[in-house]
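Worksheet: one structure, shown below.
The values are calculated or read from the model by the stated rules, or taken from the named source; none is laboratory data. Quick caveat, the model's predicted, so the values are computed rather than measured. Here the Cβ positions follow ideal geometry from the backbone for every residue, glycine too, while neighbour counts run over all protein chains shown.
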Ligand code: HEM
(Lines give C-alpha, C1' and ligand atoms only; values in the text may rest on other atoms or scores of the structure.)
Protein backbone atom coordinates (compact mmCIF):
# COMPACT_ATOMS: atom_id res chain seq x y z
CA UNK A 1 0.00 0.00 0.00
CA UNK A 2 1.35 3.42 -0.91
CA UNK A 3 1.27 6.01 1.84
CA UNK A 4 -0.06 9.54 1.37
CA UNK A 5 1.24 10.72 4.68
CA UNK A 6 2.28 14.33 4.87
CA UNK A 7 3.44 13.80 8.45
CA UNK A 8 6.42 11.68 7.35
CA UNK A 9 9.32 14.11 7.47
CA UNK A 10 12.39 12.82 5.65
CA UNK A 11 15.72 14.51 6.39
CA UNK A 12 14.90 15.76 9.91
CA UNK A 13 17.39 14.91 12.72
CA UNK A 14 14.90 12.37 14.13
CA UNK A 15 14.46 10.63 10.77
CA UNK A 16 18.23 10.66 10.18
CA UNK A 17 18.90 9.04 13.58
CA UNK A 18 16.62 6.10 12.69
CA UNK A 19 16.85 6.23 8.89
CA UNK A 20 17.26 2.52 8.18
CA UNK A 21 14.40 1.49 10.48
CA UNK A 22 12.15 4.20 8.99
CA UNK A 23 12.97 3.16 5.42
CA UNK A 24 12.34 -0.50 6.31
CA UNK A 25 8.87 0.49 7.60
CA UNK A 26 8.18 2.42 4.40
CA UNK A 27 9.38 -0.47 2.18
CA UNK A 28 7.10 -2.85 4.08
CA UNK A 29 4.16 -0.58 3.23
CA UNK A 30 4.93 -0.01 -0.47
CA UNK A 31 7.47 1.15 -3.06
CA UNK A 32 6.53 4.87 -3.23
CA UNK A 33 5.21 7.33 -0.64
CA UNK A 34 4.07 10.94 -0.54
CA UNK A 35 6.29 12.55 2.15
CA UNK A 36 7.63 15.94 3.17
CA UNK A 37 11.29 16.85 3.25
CA UNK A 38 12.78 18.83 6.13
CA UNK A 39 11.76 22.20 4.60
CA UNK A 40 8.13 21.09 4.18
CA UNK A 41 8.34 20.38 0.41
CA UNK A 42 5.99 17.59 -0.67
CA UNK A 43 7.67 14.86 -2.72
CA UNK A 44 6.93 11.35 -3.95
CA UNK A 45 9.70 9.22 -2.45
CA UNK A 46 10.64 5.91 -4.10
CA UNK A 47 12.11 3.53 -1.51
CA UNK A 48 12.62 0.31 -3.52
CA UNK A 49 15.50 -0.70 -5.79
CA UNK A 50 13.68 -1.76 -8.98
CA UNK A 51 11.23 1.14 -8.91
CA UNK A 52 14.19 3.42 -8.13
CA UNK A 53 15.90 2.33 -11.35
CA UNK A 54 12.69 2.91 -13.28
CA UNK A 55 12.24 6.41 -11.81
CA UNK A 56 15.88 7.43 -12.43
CA UNK A 57 15.58 6.55 -16.14
CA UNK A 58 11.95 7.67 -16.62
CA UNK A 59 11.58 9.75 -19.81
CA UNK A 60 8.76 11.84 -18.29
CA UNK A 61 10.69 12.80 -15.14
CA UNK A 62 12.77 15.92 -15.82
CA UNK A 63 15.86 17.11 -13.93
CA UNK A 64 15.35 20.72 -15.04
CA UNK A 65 13.55 22.54 -12.17
CA UNK A 66 13.16 25.89 -13.95
CA UNK A 67 9.64 25.33 -15.42
CA UNK A 68 8.44 24.48 -11.89
CA UNK A 69 10.59 26.95 -9.94
CA UNK A 70 8.09 29.80 -9.57
CA UNK A 71 5.32 27.59 -8.20
CA UNK A 72 7.71 25.89 -5.76
CA UNK A 73 9.16 29.19 -4.54
CA UNK A 74 5.66 30.63 -4.07
CA UNK A 75 4.87 27.62 -1.89
CA UNK A 76 8.04 28.31 0.13
CA UNK A 77 9.59 25.05 -1.08
CA UNK A 78 13.27 25.30 -1.81
CA UNK A 79 14.98 22.01 -1.19
CA UNK A 80 13.35 20.29 -4.11
CA UNK A 81 14.99 22.79 -6.40
CA UNK A 82 18.22 21.20 -5.18
CA UNK A 83 20.59 22.82 -7.54
CA UNK A 84 19.16 26.34 -7.41
CA UNK A 85 22.44 27.26 -5.71
CA UNK A 86 24.40 25.92 -8.66
CA UNK A 87 22.26 26.13 -11.78
CA UNK A 88 23.55 25.88 -15.36
CA UNK A 89 25.04 22.41 -15.00
CA UNK A 90 24.46 18.82 -16.17
CA UNK A 91 22.80 17.71 -12.94
CA UNK A 92 19.88 20.06 -13.54
CA UNK A 93 19.64 19.63 -17.33
CA UNK A 94 17.85 17.17 -19.61
CA UNK A 95 19.21 15.90 -22.95
CA UNK A 96 20.33 17.35 -25.34
CA UNK A 97 21.80 20.12 -23.07
CA UNK A 98 22.76 17.45 -20.55
CA UNK A 99 24.67 15.45 -23.17
CA UNK A 100 26.62 18.52 -24.30
CA UNK A 101 27.54 19.66 -20.76
CA UNK A 102 28.55 16.19 -19.61
CA UNK A 103 30.69 15.48 -22.68
CA UNK A 104 32.81 18.58 -22.00
CA UNK A 105 34.20 17.18 -18.74
CA UNK A 106 33.75 13.42 -19.09
CA UNK A 107 37.30 12.81 -20.38
CA UNK A 108 38.75 14.01 -17.06
CA UNK A 109 36.71 11.43 -15.11
CA UNK A 110 37.38 8.14 -16.90
CA UNK A 111 38.46 5.01 -14.98
CA UNK A 112 41.99 5.41 -16.42
CA UNK A 113 42.24 9.03 -15.27
CA UNK A 114 41.10 7.98 -11.77
CA UNK A 115 43.63 5.10 -11.65
CA UNK A 116 46.45 7.54 -12.40
CA UNK A 117 45.47 9.58 -9.32
CA UNK A 118 45.70 6.62 -6.90
CA UNK A 119 49.38 7.11 -5.89
CA UNK A 120 48.79 10.81 -5.20
CA UNK A 121 45.66 9.97 -3.13
CA UNK A 122 47.72 7.50 -1.06
CA UNK A 123 50.40 10.15 -0.54
CA UNK A 124 47.81 12.73 0.60
CA UNK A 125 46.31 10.10 2.96
CA UNK A 126 49.72 9.44 4.55
CA UNK A 127 50.33 13.17 5.06
CA UNK A 128 46.98 13.59 6.84
CA UNK A 129 47.57 10.54 9.06
CA UNK A 130 51.16 11.60 9.91
CA UNK A 131 49.55 14.45 11.84
CA UNK A 132 47.32 12.24 14.03
CA UNK A 133 49.11 8.86 14.28
CA UNK A 134 51.26 9.81 17.34
CA UNK A 135 48.22 11.08 19.30
CA UNK A 136 46.40 7.75 19.68
CA UNK A 137 43.07 9.50 19.25
CA UNK A 138 41.34 11.70 16.66
CA UNK A 139 38.10 12.80 15.07
CA UNK A 140 38.54 11.08 11.72
CA UNK A 141 36.00 13.35 10.00
CA UNK A 142 38.01 16.49 10.80
CA UNK A 143 41.40 14.79 10.40
CA UNK A 144 40.80 12.58 7.37
CA UNK A 145 37.43 11.98 5.67
CA UNK A 146 36.76 15.69 5.09
CA UNK A 147 40.20 17.04 4.07
CA UNK A 148 41.15 14.11 1.78
CA UNK A 149 38.40 14.46 -0.89
CA UNK A 150 38.73 18.25 -0.76
CA UNK A 151 42.47 18.02 -1.45
CA UNK A 152 41.89 15.61 -4.36
CA UNK A 153 39.17 17.59 -6.13
CA UNK A 154 41.03 20.89 -5.55
CA UNK A 155 44.22 19.50 -7.11
CA UNK A 156 42.22 18.21 -10.08
CA UNK A 157 40.38 21.49 -10.62
CA UNK A 158 43.34 23.74 -9.70
CA UNK A 159 41.99 25.39 -6.52
CA UNK A 160 44.88 26.80 -4.43
CA UNK A 161 45.58 25.22 -1.03
CA UNK A 162 45.04 28.30 1.14
CA UNK A 163 41.26 28.49 0.43
CA UNK A 164 40.45 24.80 0.98
CA UNK A 165 39.24 25.29 4.57
CA UNK A 166 36.73 27.90 3.30
CA UNK A 167 35.60 25.57 0.51
CA UNK A 168 35.06 22.74 2.99
CA UNK A 169 32.89 24.99 5.16
CA UNK A 170 30.89 26.40 2.22
CA UNK A 171 30.15 22.95 0.74
CA UNK A 172 29.18 21.46 4.12
CA UNK A 173 26.89 24.41 4.95
CA UNK A 174 25.65 24.61 1.35
CA UNK A 175 24.43 20.99 1.50
CA UNK A 176 22.57 21.57 4.80
CA UNK A 177 18.82 21.98 5.05
CA UNK A 178 17.65 25.38 3.67
CA UNK A 179 18.45 28.39 5.87
CA UNK A 180 19.97 31.86 5.57
CA UNK A 181 23.41 30.35 6.36
CA UNK A 182 22.98 27.65 3.73
CA UNK A 183 22.15 30.23 1.03
CA UNK A 184 25.01 32.50 2.17
CA UNK A 185 27.44 29.56 1.93
CA UNK A 186 26.39 28.77 -1.66
CA UNK A 187 26.71 32.47 -2.60
CA UNK A 188 30.23 32.60 -1.09
CA UNK A 189 31.21 29.47 -3.03
CA UNK A 190 29.81 30.92 -6.25
CA UNK A 191 31.55 34.23 -5.82
CA UNK A 192 34.91 32.65 -4.88
CA UNK A 193 34.84 30.33 -7.93
CA UNK A 194 33.82 33.22 -10.22
CA UNK A 195 36.93 35.12 -9.06
CA UNK A 196 39.12 32.04 -9.47
CA UNK A 197 37.86 31.50 -13.04
CA UNK A 198 38.75 35.15 -13.81
CA UNK A 199 42.27 34.61 -12.40
CA UNK A 200 42.75 31.45 -14.46
CA UNK A 201 41.56 33.20 -17.60
CA UNK A 202 44.37 35.74 -17.09
CA UNK A 203 46.92 33.08 -16.07
CA UNK A 204 45.98 29.53 -17.23
CA UNK A 205 47.38 26.78 -14.98
CA UNK A 206 46.83 23.57 -17.00
CA UNK A 207 44.17 22.16 -14.65
CA UNK A 208 40.55 21.17 -15.33
CA UNK A 209 39.13 24.67 -14.67
CA UNK A 210 41.67 26.18 -17.10
CA UNK A 211 40.61 23.58 -19.72
CA UNK A 212 36.94 24.47 -19.23
CA UNK A 213 37.74 28.17 -19.67
CA UNK A 214 39.47 27.33 -22.95
CA UNK A 215 36.37 25.50 -24.17
CA UNK A 216 34.27 28.51 -23.17
CA UNK A 217 36.55 31.15 -24.71
CA UNK A 218 37.44 29.27 -27.89
CA UNK A 219 33.89 28.35 -28.77
CA UNK A 220 31.21 30.55 -27.20
CA UNK A 221 28.37 28.37 -28.44
CA UNK A 222 29.47 25.43 -26.32
CA UNK A 223 29.68 26.71 -22.76
CA UNK A 224 27.99 29.92 -21.53
CA UNK A 225 29.22 32.01 -18.56
CA UNK A 226 26.50 30.55 -16.34
CA UNK A 227 27.33 27.00 -17.47
CA UNK A 228 31.06 27.51 -16.86
CA UNK A 229 30.43 28.67 -13.28
CA UNK A 230 27.67 26.10 -12.71
CA UNK A 231 29.96 23.26 -13.81
CA UNK A 232 32.80 24.48 -11.56
CA UNK A 233 30.47 24.70 -8.53
CA UNK A 234 28.94 21.29 -9.29
CA UNK A 235 32.35 19.61 -9.53
CA UNK A 236 33.48 21.08 -6.20
CA UNK A 237 30.26 20.15 -4.37
CA UNK A 238 29.55 16.77 -6.02
CA UNK A 239 33.23 15.82 -6.03
CA UNK A 240 33.73 16.49 -2.36
CA UNK A 241 30.77 16.18 0.01
CA UNK A 242 29.68 12.79 -1.36
CA UNK A 243 33.11 11.19 -1.04
CA UNK A 244 33.51 12.62 2.48
CA UNK A 245 30.36 10.70 3.38
CA UNK A 246 31.38 7.49 1.60
CA UNK A 247 34.60 7.42 3.66
CA UNK A 248 32.72 8.49 6.81
CA UNK A 249 29.96 5.89 6.45
CA UNK A 250 32.47 3.15 5.61
CA UNK A 251 34.51 3.94 8.72
CA UNK A 252 31.39 4.17 10.93
CA UNK A 253 30.34 0.72 9.62
CA UNK A 254 33.81 -0.74 10.26
CA UNK A 255 33.93 0.74 13.78
CA UNK A 256 30.57 -0.93 14.47
CA UNK A 257 31.88 -4.23 13.04
CA UNK A 258 35.49 -4.69 14.28
CA UNK A 259 35.63 -8.27 12.94
CA UNK A 260 35.01 -6.92 9.41
CA UNK A 261 37.66 -4.22 9.89
CA UNK A 262 40.12 -6.94 10.96
CA UNK A 263 39.41 -8.88 7.75
CA UNK A 264 40.19 -5.86 5.59
CA UNK A 265 43.32 -5.00 7.59
CA UNK A 266 44.57 -8.56 7.03
CA UNK A 267 43.49 -8.65 3.35
CA UNK A 268 43.75 -5.12 1.85
CA UNK A 269 43.22 -6.67 -1.60
CA UNK A 270 39.54 -7.09 -0.56
CA UNK A 271 39.08 -3.33 -0.09
CA UNK A 272 37.95 -2.32 -3.66
CA UNK A 273 35.12 -4.91 -3.59
CA UNK A 274 34.27 -3.95 0.01
CA UNK A 275 33.70 -0.34 -1.18
CA UNK A 276 30.66 -1.65 -3.12
CA UNK A 277 29.30 -3.16 0.09
CA UNK A 278 29.80 0.16 1.92
CA UNK A 279 27.88 1.91 -0.90
CA UNK A 280 25.04 -0.63 -0.52
CA UNK A 281 25.05 -0.68 3.28
CA UNK A 282 24.84 3.09 3.85
CA UNK A 283 24.64 5.10 0.62
CA UNK A 284 26.23 8.58 1.02
CA UNK A 285 23.61 10.31 -1.19
CA UNK A 286 20.51 9.53 0.85
CA UNK A 287 17.93 10.86 -1.61
CA UNK A 288 18.49 12.09 -5.14
CA UNK A 289 17.70 15.68 -6.01
CA UNK A 290 14.09 15.85 -7.21
CA UNK A 291 12.88 15.08 -10.70
CA UNK A 292 9.64 16.68 -11.97
CA UNK A 293 6.79 15.01 -13.87
CA UNK A 294 6.48 16.69 -17.28
CA UNK A 295 2.98 15.18 -17.64
CA UNK A 296 0.67 12.94 -15.61
CA UNK A 297 2.19 9.48 -15.23
CA UNK A 298 1.97 6.28 -13.19
CA UNK A 299 4.89 5.03 -11.08
CA UNK A 300 4.68 1.94 -8.87
CA UNK A 301 0.92 1.97 -9.40
CA UNK A 302 0.71 5.55 -8.13
CA UNK A 303 -0.69 8.46 -10.21
CA UNK A 304 1.81 11.31 -10.27
CA UNK A 305 0.45 14.65 -11.50
CA UNK A 306 2.32 16.89 -13.95
CA UNK A 307 4.69 19.19 -12.01
CA UNK A 308 4.91 16.98 -8.93
CA UNK A 309 8.35 16.12 -7.54
CA UNK A 310 9.75 12.58 -7.34
CA UNK A 311 12.96 11.58 -5.52
CA UNK A 312 14.63 8.20 -4.99
CA UNK A 313 15.88 7.18 -1.53
CA UNK A 314 19.19 5.59 -2.55
CA UNK A 315 20.05 4.72 1.07
CA UNK A 316 16.84 2.70 1.18
CA UNK A 317 17.33 1.08 -2.27
CA UNK A 318 20.65 -0.45 -1.12
CA UNK A 319 18.84 -2.26 1.69
CA UNK A 320 16.20 -3.56 -0.74
CA UNK A 321 18.47 -5.81 -2.80
CA UNK A 322 18.66 -8.64 -0.24
CA UNK A 323 16.20 -10.30 2.17
CA UNK A 324 15.51 -7.96 5.16
CA UNK A 325 17.60 -9.89 7.73
CA UNK A 326 20.54 -10.11 5.35
CA UNK A 327 20.35 -6.54 4.02
CA UNK A 328 21.14 -4.98 7.41
CA UNK A 329 24.25 -7.17 7.81
CA UNK A 330 27.62 -5.71 6.73
CA UNK A 331 29.69 -8.29 4.83
CA UNK A 332 32.89 -6.91 3.29
CA UNK A 333 33.30 -10.12 1.26
CA UNK A 334 29.80 -10.04 -0.26
CA UNK A 335 29.90 -10.92 -3.96
CA UNK A 336 28.79 -8.02 -6.20
CA UNK A 337 26.39 -6.20 -3.88
CA UNK A 338 23.73 -4.31 -5.85
CA UNK A 339 22.99 -0.67 -5.04
CA UNK A 340 21.92 2.63 -6.60
CA UNK A 341 24.43 4.76 -4.68
CA UNK A 342 25.72 6.40 -7.88
CA UNK A 343 22.26 6.74 -9.44
CA UNK A 344 21.24 5.22 -12.77
CA UNK A 345 20.56 6.32 -16.35
CA UNK A 346 22.06 9.34 -18.12
CA UNK A 347 22.76 11.12 -14.81
CA UNK A 348 24.75 8.14 -13.44
CA UNK A 349 27.53 9.68 -11.34
CA UNK A 350 30.28 11.13 -13.49
CA UNK A 351 32.77 10.81 -10.63
CA UNK A 352 32.05 7.16 -9.73
CA UNK A 353 35.50 5.87 -10.87
CA UNK A 354 37.25 8.62 -8.90
CA UNK A 355 35.07 8.08 -5.81
CA UNK A 356 35.80 4.32 -5.85
CA UNK A 357 39.57 4.81 -6.21
CA UNK A 358 39.60 7.52 -3.56
CA UNK A 359 37.67 5.44 -1.03
CA UNK A 360 39.79 2.33 -1.64
CA UNK A 361 43.12 4.18 -1.48
CA UNK A 362 42.07 6.18 1.60
CA UNK A 363 40.82 3.10 3.49
CA UNK A 364 43.90 1.07 2.51
CA UNK A 365 46.26 3.67 3.98
CA UNK A 366 44.11 4.35 7.04
CA UNK A 367 43.72 0.68 8.03
CA UNK A 368 47.46 0.13 7.63
CA UNK A 369 48.41 3.24 9.63
CA UNK A 370 45.94 3.15 12.55
CA UNK A 371 45.94 -0.33 14.08
CA UNK A 372 43.29 -1.37 16.64
CA UNK A 373 40.96 1.41 15.53
CA UNK A 374 37.93 1.65 17.89
CA UNK A 375 35.24 4.14 18.92
CA UNK A 376 36.57 6.50 21.65
CA UNK A 377 33.27 5.98 23.50
CA UNK A 378 31.60 2.73 22.40
CA UNK A 379 28.29 3.73 24.02
CA UNK A 380 27.97 7.04 22.10
CA UNK A 381 25.50 7.24 19.17
CA UNK A 382 26.64 8.48 15.75
CA UNK A 383 25.23 11.95 14.99
CA UNK A 384 24.25 12.43 11.34
CA UNK A 385 24.80 15.64 9.36
CA UNK A 386 21.63 17.75 9.07
CA UNK A 387 21.76 17.53 5.26
CA UNK A 388 18.70 17.05 3.06
CA UNK A 389 20.34 15.01 0.35
CA UNK A 390 23.54 13.51 1.68
CA UNK A 391 24.09 11.12 4.60
CA UNK A 392 27.22 11.03 6.72
CA UNK A 393 28.48 11.30 10.32
CA UNK A 394 29.15 14.69 11.95
CA UNK A 395 32.22 13.27 13.71
CA UNK A 396 34.10 9.97 14.14
CA UNK A 397 35.84 10.17 17.56
CA UNK A 398 38.24 7.19 17.67
CA UNK A 399 41.20 5.81 19.60
CA UNK A 400 44.02 3.61 18.30
CA UNK A 401 47.52 2.49 19.21
CA UNK A 402 49.70 5.58 18.91
CA UNK A 403 52.62 5.37 16.50
CA UNK A 404 55.97 6.06 18.11
CA UNK A 405 58.25 8.42 16.22
C1 LIG B 1 30.93 8.44 -3.05
C2 LIG B 1 30.96 9.43 -3.81
C3 LIG B 1 29.84 9.82 -4.73
C4 LIG B 1 28.51 9.47 -4.72
C5 LIG B 1 27.81 8.53 -3.77
C6 LIG B 1 27.88 10.16 -5.82
C7 LIG B 1 26.56 10.02 -6.17
C8 LIG B 1 25.97 10.60 -7.27
C9 LIG B 1 24.59 10.39 -7.68
C10 LIG B 1 23.57 9.55 -6.94
C11 LIG B 1 24.39 11.11 -8.80
C12 LIG B 1 23.09 11.15 -9.63
C13 LIG B 1 22.11 12.17 -9.06
C14 LIG B 1 20.78 12.09 -9.79
O15 LIG B 1 20.56 11.28 -10.69
O16 LIG B 1 19.89 12.91 -9.44
C17 LIG B 1 25.63 11.78 -9.11
C18 LIG B 1 25.82 12.60 -10.17
C19 LIG B 1 26.99 13.28 -10.37
N20 LIG B 1 28.18 13.14 -9.68
FE21 LIG B 1 28.54 11.94 -8.14
N22 LIG B 1 28.83 10.93 -6.46
C23 LIG B 1 30.03 10.73 -5.83
C24 LIG B 1 31.25 11.28 -6.15
C25 LIG B 1 31.45 12.14 -7.17
C26 LIG B 1 32.73 12.69 -7.54
C27 LIG B 1 34.08 12.38 -6.88
C28 LIG B 1 32.51 13.53 -8.57
C29 LIG B 1 33.59 14.29 -9.27
C30 LIG B 1 33.60 15.44 -9.62
C31 LIG B 1 31.06 13.49 -8.87
C32 LIG B 1 30.42 14.19 -9.85
C33 LIG B 1 29.10 14.01 -10.22
C34 LIG B 1 28.47 14.74 -11.30
C35 LIG B 1 29.13 15.80 -12.17
C36 LIG B 1 27.16 14.28 -11.39
C37 LIG B 1 26.09 14.74 -12.40
C38 LIG B 1 26.08 13.76 -13.54
C39 LIG B 1 25.00 14.08 -14.54
O40 LIG B 1 24.04 14.81 -14.21
O41 LIG B 1 25.13 13.61 -15.68
N42 LIG B 1 30.47 12.63 -8.00
N43 LIG B 1 26.57 11.43 -8.16
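Scanning region 98-114 for residues that are in contact (Cβ under 8 Å) with a residue 12 or more places away in the chain, in a helix (DSSP H, G or I) and touching a helix residue (DSSP H, G or I) at 6+ places or on another chain (Cβ under 9 Å) turns up 98, 99, 100, 101, 102, 104, 105, 108, 109, 111, 113, 114.
One residue stands out in region 40-80 among those that are within 17 Å of residue 388 (Cβ to Cβ) and out of contact with any helix residue (DSSP H, G or I) (no Cβ under 9 Å at 6 or more places or on another chain): the one that is modelled with the highest pLDDT, namely 75. Do you know which residues across region 140-167 are over 15 Å from residue 232 (Cα atoms), within 16 Å of the ligand (Cβ to nearest atom) and part of a helix (DSSP H, G or I)? Once the filter is applied, which keeps residues that are over 15 Å from residue 232 (Cα atoms), within 16 Å of the ligand (Cβ to nearest atom) and part of a helix (DSSP H, G or I), region 140-167 yields 141, 144, 145, 147, 148, 149, 151. Being modelled with pLDDT under 95, within 13 Å of the ligand (Cβ to nearest atom) and touching a helix residue (DSSP H, G or I) at 6+ places or on another chain (Cβ under 8 Å) is a property that holds for residue 238. Beta carbons closer than 6 Å, at least 6 apart along the sequence or on distinct chains, pair a first residue in region 333-357 that is loosely packed, with under 15 Cβ neighbours inside 10 Å with a second that is part of a helix (DSSP H, G or I) and modelled with pLDDT of 95 or more for 345/56.
Can you tell me which of 343, 318, 388, 392 is under 25 Å from residue 38 (Cβ atoms), under 18 Å from the mean Cα position of the chain (by Cα) and at pLDDT below 95? Even if it seems obvious, please write down each step before you answer.
Details: 343 fails: at pLDDT below 95; 318 fails: at pLDDT below 95; 392 fails: at pLDDT below 95.
After applying the criteria, what remains is 388.
Count of region 275-303 residues, restricted to those that are in a loop (DSSP other than H, G, I, E, B) and crowded, with 23+ Cβ neighbours inside 10 Å, is 6. One residue stands out in region 174-223 among those that are over 26 Å from the mean Cα position of the chain (by Cα), in contact (Cβ under 8 Å) with a residue 12 or more places away in the chain and over 15 Å from residue 163 (Cβ atoms): the one that is surrounded by the fewest Cβ atoms within 10 Å (Cβ to Cβ), namely 206.
The requirement of being buried (at least 21 other Cβ atoms within 10 Å of the Cβ), touching a helix residue (DSSP H, G or I) at 6+ places or on another chain (Cβ under 9 Å) and outside any helix (DSSP H, G or I) is fulfilled nowhere in region 115-136; no residue meets it.
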